[in-house]
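Engineer: After the structure tokens below, expect a handful of questions from me.
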Amino acid sequence: MPINLTILGSGSAVPVLHRGVTAQYLNFNERRILIDCGEGTQLQMRKFKVKFQRIQMIFISHLHGDHYFGIFGLLTSMSLWGRTQELAIYGPPELEEIIRHNFKLAQVYLSYQLNFYPVDVKEKTRIFEDNSIEVFAFPLKHRIKCHGFLFQEKEKEYRVNPEKIEKYKLSLTEILSAKRGEDVKRINVTLPFKDLVFPKEKLKSYAYCTDTKFYTKLPDWIKGADLLYHEATFTQEHLDRAKATGHSTAAQAAEIASQAQVGQLLLGHFSSRYKNIDPLLEEAKSIFPSVSCVKDGDVFIVN
């Protein structure tokens, strides 16, 4: 199954007419995931035809408003539209108190259950897994505590070649052994499992690195990701401003992508000072050629 990523907001700090603040919708092996939820996210979902009632999990990177102020309206709208499915929220430990206190004061009673999972890690740590995907969180270097996320396909069993099943008259027990990567041992012969199975496909992955300074640990944590989103709030011309605010330049994002040997780099979280983002793109391309500057509504697919 493909990774399907929709950019709902590509800007930073405040929404502007042509660029919303941070939010992304990720369909990964049919897991429907919202990553960050800046102001106006539900309107962006309607604009770009994302069905928010299908969301199963929300991941919030940190508690700056341009990354979570939209969650109150979104959760309320889900209830007004009759949602009954439980919703999982992964984010800063304080987020649950903020949401529940807000709803208590406003006397908002949701029609569905919220399940909160606090994220507060010092190294790359797995925070979710099921039979298809796993999600890792890792710290970023921002002005307040902030986390990035790696969404990764789980290791699968081998697929046994039907022609080999017929050729060697494999029993069910032998088929299961080959699927686990075990040689099939018979009385007079051993059948190497690699001769019985198809090669495994590369596991797909998506890394999300929002608000952060240049951080040398990131390449090890996201090594080989198919798709990397890395904030690029400024160009190198405004490097001092990037350092002061806990952000990265396009060149620094490209350096992380190069060191991590990712497949494709997506730049976003642009400062509103840039009406034209071509300078950020050119700056990054001089270091890492496979790069795009995202726009609201862009869709990226990894097959």
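Read-outs: derived from the displayed coordinates by stated rules, not from any lab. Worth saying up front: this structure is predicted, and the values here are computed from it rather than measured. So basically every Cβ, Gly included, is an ideal-geometry build from the backbone, and we count neighbours across all protein chains shown.
Engineer: Only bridges whose two residues both fall in the chain count here: according to DSSP, what percent of them are antiparallel, nearest 5? Show your work: numbers first, answer last.
Structural biologist: Details: 35 of 61 bridges.
Restricted to the chain, the bridges split so that about 55 percent are antiparallel.
Engineer: Name the lysines eligible as straight-distance cross-link partners of Lys49: C-alpha to C-alpha under 21 Å, and not fewer than 8 places from it in the same chain.
Structural biologist: Correct list for Lys49: Lys295.
Engineer: To continue, here is another question. Quick one: which of 256-264, 186-194 comes out on top by average Cβ neighbours within 10 Å, and what's the full order, highest first?
Structural biologist: Values: 256-264: 19.2, 186-194: 10.2.
Final packing ranking: 256-264, 186-194.
Engineer: Moving to a separate point now. Explain nothing, just compute: Karplus ³J(HN,Hα) = 6.51 cos²θ - 1.76 cosθ + 1.60, θ = phi - 60°, for every residue of the stretch 182-191 in order, whole Hz, x for Gly and Pro.
Structural biologist: Per residue, the Karplus-derived 3J(HN,Hα) values read 10, 5, 8, 9, 10, 4, 10, 7, 10, 9 Hz.
Engineer: I'm spelling it out carefully: the read-out is mean projected area of the Cα convex hull in nm², the candidates are (i) 18.6; (ii) 17.7; (iii) 16.8, and one was derived from this structure. Which label?
Structural biologist: (i)
Engineer: To continue, here is another question. Okay, helix-only estimate at 222 nm for the chain: each DSSP H run of n ≥ 4 adds -39500 (n - 2.57), divide by all residues, round to 500 deg cm²/dmol; what do you get?
Structural biologist: -7000 deg cm²/dmol
Engineer: Let me ask something else about it. In sequence order, what are the phi-derived ³J(HN,Hα) couplings for the stretch 242-253 according to the Karplus relation 6.51 cos²θ - 1.76 cosθ + 1.60 with θ = phi - 60°, rounded to whole Hz, with x for glycine and proline?
Structural biologist: 4, 4, 5, 9, x, 10, 10, 9, 4, 5, 5, 4
Engineer: Highest GNM mean-square fluctuation, the chain, Cα pairs closer than 10 Å: which of Thr216, Thr125, Thr173?
Structural biologist: Of Thr216, Thr125, Thr173, the Gaussian network model singles out Thr173 as fluctuating most.
Engineer: Amide H to amide H, which residues 5 or more places from Val291 or on other chains are under 5 Å from it, using H placed in the peptide plane?
Structural biologist: Amide H to amide H, under 5 Å and 5 or more residues apart or across chains, Val291 pairs with Leu265.
Engineer: Could you compute the FRET efficiency for Glu134 and Arg46, with r as their C-beta to C-beta distance and R0 at 22 Å, rounded to 0.05?
Structural biologist: Numbers: r = 31 Å, r/R0 = 1.40.
According to the calculation, E is roughly 0.10.
Engineer: Only loop residues by DSSP count here, and only those with at most 11 other Cβ atoms within 10 Å; note down the trypsin sites (Lys or Arg not before Pro) in the stretch 4-80 that meet that.
Structural biologist: Details: sites: Arg19, Arg31, Arg32, Arg46, Lys47, Lys49, Lys51, Arg54; in loops: Lys49, Lys51.
Listed in order of number, the matching sites are Lys49, Lys51.
Engineer: Provide the net charge surrounding Trp81, with neighbours chosen by a C-beta distance below 14 Å and charges set as Lys +1, Arg +1, Asp -1, Glu -1.
Structural biologist: On the way: positive: Arg46, Lys51, Arg54, Arg83; negative: none.
Once all neighbours under 14 Å are counted, the net charge is +4.
Engineer: Only Cα pairs under 8 Å and at least 6 apart count here; give the relative contact order of the chain as a rounded whole percent.
Structural biologist: Working: 664 pairs, mean separation 51.3, N = 303.
Relative contact order, the chain: 17 percent.
Engineer: Modelled label-to-label distance, Leu172 and Ser286, 7 Å Cα→beta-carbon offset: nm?
Structural biologist: Distance between label points: 6.4 nm.
Engineer: Would you mind pulling out the separation of the Cα centroids of the stretch 260-303 and the stretch 157-219, in Å?
Structural biologist: For the stretch 260-303 versus the stretch 157-219, the Cα centre distance is 34 Å.
Engineer: How many nm separate the modelled label positions at Asn188 and Thr84, each set 7 Å beyond the Cα in the direction of the Cβ?
Structural biologist: 6.3
Engineer: Sticking with this one: Say the cut-off is 26 Å between C-alpha atoms; which of Lys223/Lys243; Lys179/Lys217; Lys167/Lys200; Lys124/Lys202 go over it? Intermediate values should be presented prior to the final figure.
Structural biologist: Details: Lys223/Lys243 24 Å; Lys179/Lys217 35 Å; Lys167/Lys200 21 Å; Lys124/Lys202 21 Å.
Table pairs above 26 Å Cα-Cα are Lys179/Lys217.
Engineer: Whole-Hz ³J(HN,Hα) for each residue in the stretch 205-222, computed from phi via Karplus 6.51 cos²θ - 1.76 cosθ + 1.60 with θ = phi - 60°, x for glycine and proline: what do you get?
Structural biologist: So the J values, rounded to whole Hz, are 7, 9, 10, 10, 10, 8, 3, 6, 6, 4, 10, 5, 7, 4, x, 5, 7, 10.
Engineer: What's the magnitude of the charge dipole for the chain around its Cα centre, counting Lys and Arg as +1 and Asp and Glu as -1 at the beta-carbon? Answer in Debye, nearest 20.
Structural biologist: On the way: 40 positive and 35 negative charges, 89 e Å.
Computed about the Cα centre, the dipole is about 420 debye.
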